[in-house]
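Single-structure report; data block below.
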Amino acid sequence: QGTRDHAPAQAALRDRLLSAVVSCFKRHGAAAIDTPVLELRETLVGKYGEGTKLIYELQDQGGELLALRYDLTVPFARYLAMNKITKMKRYHVAKVYRRDNPATTRGRYREFYQCDFDIAGQFDPMIPDAECLKIVHEILSDLQLGDFVIKVNDRRILNGVFAVCGVPESKFIPACCTVDKLDKIPWEEVRSEMVGEKGLSPEAADRIGEYVQLHGGLDLIERLLQDPKLSQNKLAKEGLGDMKLLFEYLTLFGITGKISFDLSLARGLDYYTGVIFEAVLLQQEKEHVEELVSVGSVAGGGRYDGLVGMFDPKGRKVPCVGVSIGIERIFSILEQRLEASGEKLRTTETQVLVATPQKHMLAARLKLISELWDAGIKAEMLYKKDPKLLKQLQYCEDTGIPLAAIVGEQELADGVVKLRDVATREEVRM
(Lines give C-alpha, C1' and ligand atoms only; values in the text may rest on other atoms or scores of the structure.)
Protein backbone atom coordinates (compact mmCIF):
# COMPACT_ATOMS: atom_id res chain seq x y z
CA GLN A 1 0.00 0.00 0.00
CA GLY A 2 2.88 2.38 0.48
CA THR A 3 1.97 2.79 4.15
CA ARG A 4 3.30 0.67 6.97
CA ASP A 5 2.48 -0.92 10.30
CA HIS A 6 5.10 -0.57 13.02
CA ALA A 7 5.90 -3.56 15.22
CA PRO A 8 6.71 -2.69 18.87
CA ALA A 9 10.48 -2.57 18.27
CA GLN A 10 10.04 -0.33 15.21
CA ALA A 11 7.60 1.94 17.07
CA ALA A 12 10.08 2.22 19.97
CA LEU A 13 12.86 3.18 17.56
CA ARG A 14 10.67 5.77 15.84
CA ASP A 15 9.61 7.25 19.21
CA ARG A 16 13.25 7.51 20.29
CA LEU A 17 14.07 9.24 17.00
CA LEU A 18 11.15 11.69 17.20
CA SER A 19 12.03 12.45 20.82
CA ALA A 20 15.62 13.39 19.86
CA VAL A 21 14.38 15.70 17.08
CA VAL A 22 11.72 17.37 19.27
CA SER A 23 14.29 17.88 22.08
CA CYS A 24 16.45 19.85 19.63
CA PHE A 25 13.48 21.99 18.51
CA LYS A 26 12.58 22.75 22.13
CA ARG A 27 16.20 23.60 22.94
CA HIS A 28 15.90 26.40 20.37
CA GLY A 29 12.78 27.82 22.04
CA ALA A 30 10.10 26.60 19.61
CA ALA A 31 6.47 26.19 20.68
CA ALA A 32 4.39 23.27 19.38
CA ILE A 33 1.39 23.92 17.15
CA ASP A 34 -0.95 21.54 15.33
CA THR A 35 -3.02 22.03 12.16
CA PRO A 36 -5.76 19.80 10.70
CA VAL A 37 -5.06 16.91 8.32
CA LEU A 38 -7.80 18.27 6.04
CA GLU A 39 -7.41 21.61 4.24
CA LEU A 40 -9.48 23.28 1.53
CA ARG A 41 -8.21 22.10 -1.86
CA GLU A 42 -7.61 25.71 -2.96
CA THR A 43 -5.28 26.21 0.04
CA LEU A 44 -2.87 23.56 -1.24
CA VAL A 45 -3.11 23.68 -5.04
CA GLY A 46 -0.54 25.81 -6.86
CA LYS A 47 2.00 25.85 -4.02
CA TYR A 48 4.08 22.77 -4.84
CA GLY A 49 5.18 23.03 -8.47
CA GLU A 50 5.04 19.58 -10.06
CA GLY A 51 4.16 18.12 -6.64
CA THR A 52 0.58 19.45 -7.02
CA LYS A 53 -0.36 16.29 -8.94
CA LEU A 54 0.50 14.25 -5.82
CA ILE A 55 -2.12 15.94 -3.59
CA TYR A 56 -4.86 13.61 -2.31
CA GLU A 57 -8.16 15.33 -3.17
CA LEU A 58 -11.47 14.66 -1.40
CA GLN A 59 -15.03 15.94 -1.51
CA ASP A 60 -17.32 16.20 1.51
CA GLN A 61 -21.10 15.56 1.53
CA GLY A 62 -21.85 19.23 0.91
CA GLY A 63 -19.71 19.21 -2.24
CA GLU A 64 -16.87 21.23 -0.69
CA LEU A 65 -13.49 20.37 -2.26
CA LEU A 66 -10.93 19.31 0.32
CA ALA A 67 -7.46 17.75 0.31
CA LEU A 68 -5.16 15.88 2.70
CA ARG A 69 -2.19 18.04 3.72
CA TYR A 70 0.86 17.56 1.47
CA ASP A 71 3.30 19.16 3.92
CA LEU A 72 3.22 21.16 7.18
CA THR A 73 4.44 24.47 5.72
CA VAL A 74 1.42 25.63 3.69
CA PRO A 75 -1.03 24.90 6.57
CA PHE A 76 1.32 26.86 8.90
CA ALA A 77 1.26 29.86 6.53
CA ARG A 78 -2.56 29.64 6.36
CA TYR A 79 -2.67 29.50 10.20
CA LEU A 80 -0.49 32.63 10.55
CA ALA A 81 -2.62 34.61 8.08
CA MET A 82 -5.94 33.46 9.58
CA ASN A 83 -4.88 34.44 13.12
CA LYS A 84 -3.01 37.62 12.08
CA ILE A 85 0.22 36.37 13.71
CA THR A 86 3.35 38.25 12.62
CA LYS A 87 6.00 36.59 14.81
CA MET A 88 6.41 32.97 15.87
CA LYS A 89 8.96 30.19 16.36
CA ARG A 90 7.22 26.84 16.12
CA TYR A 91 7.68 23.12 15.61
CA HIS A 92 5.18 20.56 14.34
CA VAL A 93 5.49 16.77 14.11
CA ALA A 94 2.67 15.13 12.18
CA LYS A 95 1.71 12.91 9.25
CA VAL A 96 1.42 14.19 5.67
CA TYR A 97 0.04 12.45 2.58
CA ARG A 98 1.29 12.07 -1.02
CA ARG A 99 -0.40 10.29 -3.94
CA ASP A 100 3.00 8.94 -4.89
CA ASN A 101 4.59 5.75 -6.18
CA PRO A 102 6.02 4.42 -2.92
CA ALA A 103 9.58 3.13 -2.60
CA THR A 104 9.53 1.61 0.87
CA THR A 105 13.21 0.58 0.81
CA ARG A 106 14.16 4.26 0.48
CA GLY A 107 11.72 5.49 3.12
CA ARG A 108 9.27 6.90 0.56
CA TYR A 109 5.61 6.39 1.53
CA ARG A 110 2.12 7.71 0.82
CA GLU A 111 1.63 8.49 4.52
CA PHE A 112 4.61 9.61 6.56
CA TYR A 113 5.78 11.87 9.37
CA GLN A 114 7.32 15.28 8.88
CA CYS A 115 9.15 17.19 11.61
CA ASP A 116 9.14 20.92 10.91
CA PHE A 117 10.80 23.89 12.59
CA ASP A 118 9.93 27.41 11.38
CA ILE A 119 10.74 31.00 12.33
CA ALA A 120 8.18 33.60 11.21
CA GLY A 121 8.70 37.35 11.55
CA GLN A 122 10.58 40.38 10.31
CA PHE A 123 14.19 39.99 11.50
CA ASP A 124 17.64 41.08 10.35
CA PRO A 125 18.88 39.11 7.32
CA MET A 126 20.20 35.56 7.63
CA ILE A 127 20.13 35.22 11.45
CA PRO A 128 17.04 32.90 11.53
CA ASP A 129 18.28 31.15 8.35
CA ALA A 130 21.62 30.36 10.03
CA GLU A 131 19.77 28.95 13.07
CA CYS A 132 17.76 26.58 10.85
CA LEU A 133 21.00 25.24 9.36
CA LYS A 134 22.48 24.90 12.86
CA ILE A 135 19.46 22.81 13.88
CA VAL A 136 19.92 20.43 10.91
CA HIS A 137 23.61 20.10 11.83
CA GLU A 138 22.76 19.41 15.50
CA ILE A 139 20.14 16.74 14.71
CA LEU A 140 22.26 14.86 12.15
CA SER A 141 25.27 14.98 14.49
CA ASP A 142 23.24 13.86 17.54
CA LEU A 143 21.75 10.90 15.67
CA GLN A 144 25.24 9.75 14.57
CA LEU A 145 24.08 8.88 11.06
CA GLY A 146 27.56 9.14 9.59
CA ASP A 147 29.00 11.73 7.21
CA PHE A 148 26.64 14.33 5.73
CA VAL A 149 26.68 17.56 3.78
CA ILE A 150 24.17 20.43 3.90
CA LYS A 151 23.80 21.99 0.45
CA VAL A 152 22.79 25.66 0.39
CA ASN A 153 21.63 27.88 -2.47
CA ASP A 154 19.31 30.85 -3.00
CA ARG A 155 16.32 31.09 -5.32
CA ARG A 156 17.35 34.66 -6.21
CA ILE A 157 20.78 33.45 -7.35
CA LEU A 158 19.13 30.71 -9.45
CA ASN A 159 16.65 33.15 -10.98
CA GLY A 160 19.56 35.53 -11.69
CA VAL A 161 21.43 32.68 -13.41
CA PHE A 162 18.35 31.89 -15.55
CA ALA A 163 17.93 35.57 -16.44
CA VAL A 164 21.56 36.11 -17.54
CA CYS A 165 21.43 32.83 -19.51
CA GLY A 166 18.47 34.08 -21.54
CA VAL A 167 15.60 32.11 -19.96
CA PRO A 168 12.22 33.91 -20.09
CA GLU A 169 10.75 34.61 -16.62
CA SER A 170 7.69 32.41 -17.37
CA LYS A 171 10.05 29.41 -17.56
CA PHE A 172 12.00 30.04 -14.30
CA ILE A 173 9.93 27.57 -12.22
CA PRO A 174 9.90 24.74 -14.83
CA ALA A 175 13.68 25.24 -15.27
CA CYS A 176 14.07 25.10 -11.47
CA CYS A 177 12.22 21.77 -11.27
CA THR A 178 14.54 20.31 -13.92
CA VAL A 179 17.75 21.62 -12.32
CA ASP A 180 16.55 20.06 -9.05
CA LYS A 181 17.03 16.60 -10.63
CA LEU A 182 20.81 17.09 -10.98
CA ASP A 183 21.50 15.07 -7.83
CA LYS A 184 19.67 12.07 -9.36
CA ILE A 185 20.49 12.22 -13.09
CA PRO A 186 23.55 13.44 -15.05
CA TRP A 187 23.76 16.92 -16.61
CA GLU A 188 23.25 15.53 -20.17
CA GLU A 189 19.76 14.25 -19.21
CA VAL A 190 18.90 17.47 -17.37
CA ARG A 191 19.98 19.47 -20.44
CA SER A 192 17.90 17.37 -22.84
CA GLU A 193 14.82 17.75 -20.57
CA MET A 194 15.33 21.53 -20.50
CA VAL A 195 15.51 21.72 -24.27
CA GLY A 196 13.06 18.92 -25.21
CA GLU A 197 10.34 19.29 -22.55
CA LYS A 198 10.74 22.78 -21.06
CA GLY A 199 11.36 24.57 -24.37
CA LEU A 200 14.68 26.26 -23.53
CA SER A 201 17.13 26.99 -26.31
CA PRO A 202 20.25 24.74 -26.45
CA GLU A 203 22.45 27.86 -25.99
CA ALA A 204 20.57 28.89 -22.80
CA ALA A 205 20.81 25.32 -21.44
CA ASP A 206 24.58 25.24 -22.06
CA ARG A 207 25.04 28.59 -20.31
CA ILE A 208 22.99 27.34 -17.33
CA GLY A 209 25.21 24.23 -17.21
CA GLU A 210 28.30 26.40 -16.68
CA TYR A 211 26.79 27.73 -13.43
CA VAL A 212 24.71 24.92 -11.93
CA GLN A 213 27.61 22.48 -11.81
CA LEU A 214 29.56 24.78 -9.45
CA HIS A 215 29.84 24.17 -5.70
CA GLY A 216 32.11 25.44 -2.95
CA GLY A 217 32.17 27.90 -0.07
CA LEU A 218 32.96 31.56 0.57
CA ASP A 219 35.57 31.52 -2.21
CA LEU A 220 32.89 30.62 -4.79
CA ILE A 221 30.54 33.33 -3.47
CA GLU A 222 33.35 35.92 -3.84
CA ARG A 223 34.08 34.67 -7.36
CA LEU A 224 30.44 34.94 -8.44
CA LEU A 225 30.17 38.43 -6.93
CA GLN A 226 32.90 39.40 -9.42
CA ASP A 227 31.22 37.52 -12.33
CA PRO A 228 30.66 40.16 -15.08
CA LYS A 229 27.15 38.86 -15.93
CA LEU A 230 25.79 37.83 -12.52
CA SER A 231 27.05 40.96 -10.75
CA GLN A 232 24.87 43.04 -13.11
CA ASN A 233 21.72 41.12 -12.10
CA LYS A 234 19.94 42.73 -9.11
CA LEU A 235 18.37 39.50 -7.81
CA ALA A 236 21.58 37.45 -8.05
CA LYS A 237 23.59 40.23 -6.38
CA GLU A 238 21.13 40.37 -3.45
CA GLY A 239 21.21 36.58 -3.10
CA LEU A 240 25.00 36.39 -3.21
CA GLY A 241 25.30 39.21 -0.64
CA ASP A 242 22.99 37.35 1.75
CA MET A 243 24.80 34.06 1.07
CA LYS A 244 28.09 35.70 2.09
CA LEU A 245 26.47 36.95 5.30
CA LEU A 246 25.01 33.49 5.97
CA PHE A 247 28.44 31.86 5.64
CA GLU A 248 29.87 34.40 8.11
CA TYR A 249 27.24 33.36 10.70
CA LEU A 250 27.76 29.66 9.97
CA THR A 251 31.50 30.18 10.55
CA LEU A 252 30.66 31.62 14.00
CA PHE A 253 28.50 28.52 14.69
CA GLY A 254 31.51 26.41 13.66
CA ILE A 255 29.66 24.29 11.10
CA THR A 256 30.95 25.44 7.68
CA GLY A 257 32.90 22.16 7.33
CA LYS A 258 29.57 20.45 6.57
CA ILE A 259 28.08 23.23 4.39
CA SER A 260 28.38 23.42 0.60
CA PHE A 261 27.19 26.35 -1.52
CA ASP A 262 25.76 24.34 -4.43
CA LEU A 263 24.25 26.04 -7.48
CA SER A 264 22.52 22.84 -8.62
CA LEU A 265 20.24 22.87 -5.56
CA ALA A 266 16.83 24.14 -6.68
CA ARG A 267 14.13 22.46 -4.50
CA GLY A 268 11.09 22.12 -6.72
CA LEU A 269 8.49 23.85 -4.51
CA ASP A 270 6.96 27.05 -5.85
CA TYR A 271 6.84 28.94 -2.56
CA TYR A 272 10.59 29.39 -1.88
CA THR A 273 11.81 32.98 -2.30
CA GLY A 274 15.36 33.09 -0.91
CA VAL A 275 17.81 30.74 0.80
CA ILE A 276 17.14 27.03 0.20
CA PHE A 277 18.96 24.07 1.73
CA GLU A 278 19.02 20.29 1.75
CA ALA A 279 20.94 17.83 3.94
CA VAL A 280 22.31 14.72 2.27
CA LEU A 281 23.80 11.65 3.95
CA LEU A 282 27.03 10.36 2.45
CA GLN A 283 28.40 6.84 2.46
CA GLN A 284 31.29 4.95 0.98
CA GLU A 285 30.20 3.16 -2.18
CA LYS A 286 32.50 0.20 -1.59
CA GLU A 287 34.57 -0.74 1.44
CA HIS A 288 37.95 0.10 -0.11
CA VAL A 289 36.85 3.17 -2.08
CA GLU A 290 37.42 6.61 -0.61
CA GLU A 291 34.74 8.22 -2.81
CA LEU A 292 31.66 9.31 -0.84
CA VAL A 293 28.26 9.00 -2.54
CA SER A 294 24.88 10.44 -1.59
CA VAL A 295 22.21 8.16 -0.09
CA GLY A 296 19.46 10.74 -0.44
CA SER A 297 18.10 13.86 1.19
CA VAL A 298 17.20 13.62 4.90
CA ALA A 299 16.25 17.26 5.56
CA GLY A 300 15.34 20.30 3.51
CA GLY A 301 13.92 23.77 3.77
CA GLY A 302 14.30 27.40 2.93
CA ARG A 303 12.85 30.88 3.01
CA TYR A 304 9.26 31.49 1.90
CA ASP A 305 8.50 35.19 2.39
CA GLY A 306 5.46 35.35 0.08
CA LEU A 307 3.41 32.36 1.28
CA VAL A 308 1.55 33.92 4.25
CA GLY A 309 0.52 36.89 2.07
CA MET A 310 -1.28 34.47 -0.30
CA PHE A 311 -3.77 33.68 2.49
CA ASP A 312 -4.16 37.20 3.90
CA PRO A 313 -7.16 39.14 2.48
CA LYS A 314 -5.00 42.30 2.38
CA GLY A 315 -1.90 40.47 1.12
CA ARG A 316 0.11 41.29 4.27
CA LYS A 317 3.39 39.41 4.16
CA VAL A 318 5.13 37.64 7.03
CA PRO A 319 8.71 36.59 6.21
CA CYS A 320 9.34 32.91 7.14
CA VAL A 321 12.16 30.40 7.04
CA GLY A 322 11.93 26.76 8.03
CA VAL A 323 13.32 23.26 7.85
CA SER A 324 11.74 19.81 7.61
CA ILE A 325 13.53 16.70 8.89
CA GLY A 326 12.93 13.60 6.71
CA ILE A 327 12.23 11.34 9.64
CA GLU A 328 11.04 8.29 7.62
CA ARG A 329 14.23 8.11 5.61
CA ILE A 330 16.35 8.46 8.75
CA PHE A 331 14.17 5.80 10.41
CA SER A 332 14.75 3.40 7.47
CA ILE A 333 18.52 3.89 7.76
CA LEU A 334 18.58 3.32 11.55
CA GLU A 335 16.27 0.30 11.22
CA GLN A 336 18.59 -1.34 8.67
CA ARG A 337 21.58 -0.68 10.94
CA LEU A 338 19.80 -2.19 13.93
CA GLU A 339 18.91 -5.32 11.95
CA ALA A 340 22.49 -5.67 10.71
CA SER A 341 23.92 -5.34 14.23
CA GLY A 342 21.50 -7.90 15.70
CA GLU A 343 20.95 -5.58 18.68
CA LYS A 344 17.64 -6.01 20.52
CA LEU A 345 15.61 -2.88 21.12
CA ARG A 346 13.55 -2.49 24.28
CA THR A 347 9.88 -2.10 23.34
CA THR A 348 8.75 -0.69 26.71
CA GLU A 349 10.23 1.61 29.35
CA THR A 350 9.20 -0.64 32.25
CA GLN A 351 11.62 -0.22 35.15
CA VAL A 352 10.45 -3.01 37.41
CA LEU A 353 8.39 -6.22 37.32
CA VAL A 354 6.44 -7.00 40.48
CA ALA A 355 6.89 -10.74 41.13
CA THR A 356 5.91 -13.32 43.74
CA PRO A 357 7.63 -16.67 44.47
CA GLN A 358 4.64 -18.49 46.04
CA LYS A 359 0.97 -19.14 45.28
CA HIS A 360 -1.97 -17.06 46.58
CA MET A 361 0.05 -13.80 46.50
CA LEU A 362 -1.93 -11.87 43.84
CA ALA A 363 -3.28 -9.39 46.44
CA ALA A 364 0.27 -8.52 47.54
CA ARG A 365 1.35 -7.94 43.92
CA LEU A 366 -1.66 -5.74 43.17
CA LYS A 367 -1.10 -3.60 46.29
CA LEU A 368 2.64 -3.19 45.57
CA ILE A 369 2.21 -2.39 41.86
CA SER A 370 -0.46 0.19 42.70
CA GLU A 371 1.99 1.92 45.09
CA LEU A 372 4.67 1.96 42.37
CA TRP A 373 2.32 3.36 39.71
CA ASP A 374 1.09 6.07 42.12
CA ALA A 375 4.74 7.01 42.77
CA GLY A 376 5.35 7.47 39.02
CA ILE A 377 7.42 4.28 38.64
CA LYS A 378 6.98 2.31 35.41
CA ALA A 379 5.97 -1.17 36.54
CA GLU A 380 4.43 -4.37 35.19
CA MET A 381 3.24 -7.76 36.46
CA LEU A 382 2.15 -10.97 34.77
CA TYR A 383 -1.62 -11.38 34.38
CA LYS A 384 -1.75 -14.77 36.12
CA LYS A 385 -2.88 -15.58 39.63
CA ASP A 386 0.03 -17.88 40.46
CA PRO A 387 2.87 -17.56 37.93
CA LYS A 388 6.11 -19.45 38.55
CA LEU A 389 9.00 -17.22 39.69
CA LEU A 390 11.23 -18.55 36.91
CA LYS A 391 8.64 -17.55 34.32
CA GLN A 392 8.46 -14.04 35.78
CA LEU A 393 12.24 -13.62 35.75
CA GLN A 394 12.40 -15.02 32.21
CA TYR A 395 9.86 -12.35 31.13
CA CYS A 396 12.21 -9.69 32.56
CA GLU A 397 15.12 -11.08 30.51
CA ASP A 398 13.06 -11.34 27.31
CA THR A 399 11.76 -7.76 27.49
CA GLY A 400 14.84 -6.11 29.02
CA ILE A 401 13.17 -5.10 32.32
CA PRO A 402 16.17 -4.38 34.59
CA LEU A 403 14.63 -5.02 38.04
CA ALA A 404 12.26 -7.45 39.72
CA ALA A 405 10.50 -6.47 42.97
CA ILE A 406 9.86 -9.80 44.71
CA VAL A 407 7.40 -10.01 47.57
CA GLY A 408 6.83 -13.42 49.22
CA GLU A 409 5.43 -14.64 52.57
CA GLN A 410 8.71 -13.92 54.40
CA GLU A 411 9.03 -10.44 52.87
CA LEU A 412 5.43 -9.64 53.87
CA ALA A 413 6.09 -10.78 57.41
CA ASP A 414 9.28 -8.67 57.60
CA GLY A 415 7.67 -5.64 55.89
CA VAL A 416 10.27 -5.58 53.10
CA VAL A 417 10.59 -6.10 49.34
CA LYS A 418 13.43 -8.06 47.75
CA LEU A 419 14.78 -6.10 44.76
CA ARG A 420 16.63 -8.24 42.22
CA ASP A 421 18.96 -6.97 39.49
CA VAL A 422 17.93 -9.22 36.58
CA ALA A 423 21.30 -9.03 34.76
CA THR A 424 23.65 -9.59 37.74
CA ARG A 425 21.16 -11.59 39.90
CA GLU A 426 22.18 -9.53 42.93
CA GLU A 427 19.41 -8.99 45.50
CA VAL A 428 18.83 -6.37 48.18
CA ARG A 429 16.07 -6.21 50.84
CA MET A 430 14.35 -2.83 51.16
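Before moving on, here are some points about what is shown:
- Free of any GluC sites (Glu not before Pro) that DSSP assigns to a loop and that have at most 14 other C-beta atoms within 10 Å, the longest stretch within the chain is 65-196.
- Here each label is just a point 7 Å from Cα along the line to Cβ, and for Arg223 and Lys391 those points are 7.3 nm apart.
- Site pair Lys244 and Lys367 shows an inter-label distance of 7.8 nm when each label is modelled 7 Å from Cα along Cα→Cβ.
- Applying both filters, DSSP loop and at most 11 other Cβ atoms within 10 Å, to the trypsin sites (Lys or Arg not before Pro) of the range 34-84 gives Lys84.
- Fully extended contour minus Cα-Cα distance, from Ala423 to Ala11, at 0.36 nm per residue: 145.8 nm
- As a calculated quantity, the FRET efficiency between Met82 and Ser19 at R0 = 22 Å, using C-beta atoms, amounts to about 0.15.
- Whole-Å distance, taken between Cα centres, linking the range 149-189 and the range 217-236: 16 Å
- Distance from the alpha carbon centroid of the range 326-374 to that of the range 88-104 works out to 29 angstrom.
- Separation between Cα centres of the range 382-430 and the range 241-274, rounded to whole Å: 57 Å
- C-alpha long axis of helix 187-196 to longest principal axis of the chain, angle in °: 60 degrees
- Charge-dipole axis of the range 2-125 as Lys and Arg at +1 and Asp and Glu at -1 on Cβ define it, positive-most pick from Ala67, Leu18, Leu38: Leu18
- 3J(HN,Hα) from dihedral phi, the range 331-347, Karplus parametrisation 6.51/-1.76/1.60, rounded to Hz, x for glycine, proline: 4, 4, 5, 5, 5, 4, 5, 5, 4, 5, 7, x, 6, 8, 9, 5, 9
- The range 373-426: chymotrypsin sites (Phe, Trp or Tyr not before Pro) falling in loop per DSSP and having at most 15 other Cβ within 10 Å: Tyr383
- Calculated [θ] (222 nm, deg cm²/dmol) that DSSP helices of n ≥ 4 give over the chain, each run adding -39,500 (n - 2.57): -12000 deg cm²/dmol
- Surface per residue (accessible, 1.4 Å probe) for the range 217-266, Å²: 49 Å²
- Residues of the range 316-332 with amide N under 19 Å of the 7 Å Cα→Cβ point at Asp142: 322-332
- In terms of its C-alpha gyration tensor, the range 41-150 has an oblate overall shape, because the principal axis ratio a/c (a ≥ b ≥ c, square roots of the eigenvalues) is not below 1.5 and a/b does not outweigh b/c.
- Helix 389-399 vs. the chain, principal-axis angle (Cα, 0 to 90°, nearest 10): 10 degrees
- The chain: angle of helix 362-374 to the longest principal axis, Cα-based, in degrees nearest 10: 40 degrees
- Label positions at Thr347 and Val416, each projected 7 Å from the Cα along the C-beta direction, are separated by 3.6 nm.
- Surface share of carbon and sulfur [accessible, 1.4 angstrom probe, percent] for the chain: 51 percent
- Selected from Thr256, Phe172, Leu58, residue furthest toward positive end of dipole (the chain; charges at beta carbon): Leu58
The values are calculated or read from the model by the stated rules, or taken from the named source; none is laboratory data. The shown structure was predicted, so the numbers you read here are calculated from the model rather than taken from an experiment. All Cβ positions, even for glycine, are placed from backbone atoms using ideal geometry, and neighbour counts span all protein chains on display. To get the accessible areas, we keep the full protein, side chains included, count just its heavy atoms, and leave off ligands, DNA and RNA. Shrake-Rupley method; radii C 1.70, N 1.55, O 1.52, S 1.80 Å.
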